[in-house]
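**Q** One structure follows; several queries about it will come next.
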Amino acid sequence: FSSRLKRVKFRSWFTLTSVSLIFFGVVSRNFIEDDDTREAKESQVKRSHNIGSWPLYIYSRLPLNSLSRLWGQLNSIDLPVWLRGPSFKFYSVLFGVNLEEMADPDLTHYKNLAEFFCRPIKPEKRPVDTSATLCSPCDGKVLKFGVVEEDGGIEQVKGITYKVDALLGTHDAPKVEAPPQQFDLERTEKEAHFIDLHGDIKTLTYKKEGDQSFVHPSTSRILSVSRTLVGAEGHKESNKLFYAVIYLAPGDYHRFHSPVEWVATLRRHFVGQLYSVAPYFQRTLQNLFILNERVAILGYWKYGFFSMTPVGATNVGSIKLNFDTHLATNEVYEHEIYSKDKLNEALTEKYKVQERKKLKRDTCYEATYANASKVLHGIPLFRGEEMGGFKLG
Amino acid sequence: STIVLVFEAPPNFQFDLQENQQVLMGQGIGRI
């Protein structure tokens, strides 16, 4: 009877402690959030979301960014060689990964799940449809597509819309200047390879316009491309604004490629939440794409404005751009990052003071690519060219 | 994760997609 009494006492103590710990955790998170929100208000950025039921409300209070970073760190731990095969196969069965498509089929070559998650695939498995006006930038499911409404609304689901200027930012919205990019395409040659629907390997080469030393058969194409990229046709009054939303499931190939020939002139990194973007949450959390951490890449193509916005989620909080080494999402700026990059001293000095400040939530950090090319005022991106990818955590 | 494309195009641009359709990188999804 006494041992039973002891067990009952222990159980009640354990229950009380854990409930109170959870309760105080949520309350302290509340305080931090209120503090952040007050700060965000100071930067005149509004954060509005309709959370709906209390499970969603509690979900919205979870420290998702920290959980995501922890998830990333856990998955960056190198696995023993003998464990890699079975664990990646288990992951593949769980999430429907097609192992046949991997560029490197040997599972033991992937040190950890983070590496396996952003595995490259064989180019011939993803031929690029050069006859289409627009190609898909990634694998995934098309959740929504259509014409942006007159008032700038994009339909998230029936009855829920968000504004395109809230998603992409506007010229006059409050922003923090990010370090400028240090490269100049005039001095470098840029190549992109892809395989077209006929299985032919195509190489697009970008050199100074007028430089007759282009050497590839598709060169004549690049000249016409750069002429159109510079906007020979450009914006017309009758044009419309279209949108498409593509969801990448955990088992999908998580690198994204350029869907058309366009020029990226600007990047806006919105520091925000990392709610899950699974279809259920897209259906229930209003303004999900406005709240979540995302990187809007803005520019132009032959018909006018063009933008592509990778949006992060809890398990994939990191968004990487191959041509923008300064971009770091879901991270707190550490001044080591800057010094490692060996920007020139004066520049680093100037930013060091700013670095000590933590990344501010609900803030937009903008970097321009204008000095990448004097002719194009941005970075030329070719259809099918890999632009970057999502990483775990 | 998700990717949102927002772009300008002539009025006769048309998606050749269905909602909830699976797509692969490089696949044509729109034509003029």
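Nothing in this text is a laboratory measurement; each read-out follows from the coordinates by a stated rule. Everything numeric in this text was worked out from a predicted model, so none of it was measured. Quick reminder, even Gly has a Cβ in these numbers, built from the backbone with ideal geometry, and neighbours come from all protein chains shown.
**Q** In nanometres, what is the gap between the two model label sites at A:Thr170 and A:Leu74, each 7 Å from Cα along Cα-to-Cβ?
**A** Simple spin-label model gives 4.2 nm for this pair.
**Q** Give me the one-decimal nm value for the distance between modelled label points at A:Asp106 and A:Ala278, 7 Å along each residue's Cα-to-Cβ direction.
**A** For the pair A:Asp106/A:Ala278, the computed spacing is 3.6 nm.
**Q** Hey, what do the phi angles of region A:379-393 turn into as Karplus ³J(HN,Hα) couplings, whole Hz, using 6.51/-1.76/1.60 and θ = phi - 60°, x for Gly and Pro?
**A** With the stated coefficients, region A:379-393 comes to 9, x, 10, 9, 3, x, 6, 5, 9, x, x, 9, 10, 5, x Hz.
**Q** According to a simple spin-label model (label point 7 Å from Cα along Cα-to-Cβ), what is the distance in nm between B:Arg31 and A:Ser60?
**A** About 4.4 nm separates the two model spin labels.
**Q** If you don't mind, there's one more thing I want to ask. Multiply the residue gap between A:Val8 and A:Val375 by 0.36 nm, knock off their C-alpha separation, and tell me the result in nm, one decimal place.
**A** 124.4 nm
**Q** Calculated FRET efficiency, A:Glu150 and A:Ser53, Cβ-Cβ r, R0 25 Å, to nearest 0.05?
**A** That pair, A:Glu150 with A:Ser53, gives E of 0.20.
**Q** Considering only the other residues whose Cβ falls under 15 Å of the Cβ of A:Leu74, what net charge follows from Lys and Arg at +1 and Asp and Glu at -1?
**A** +1
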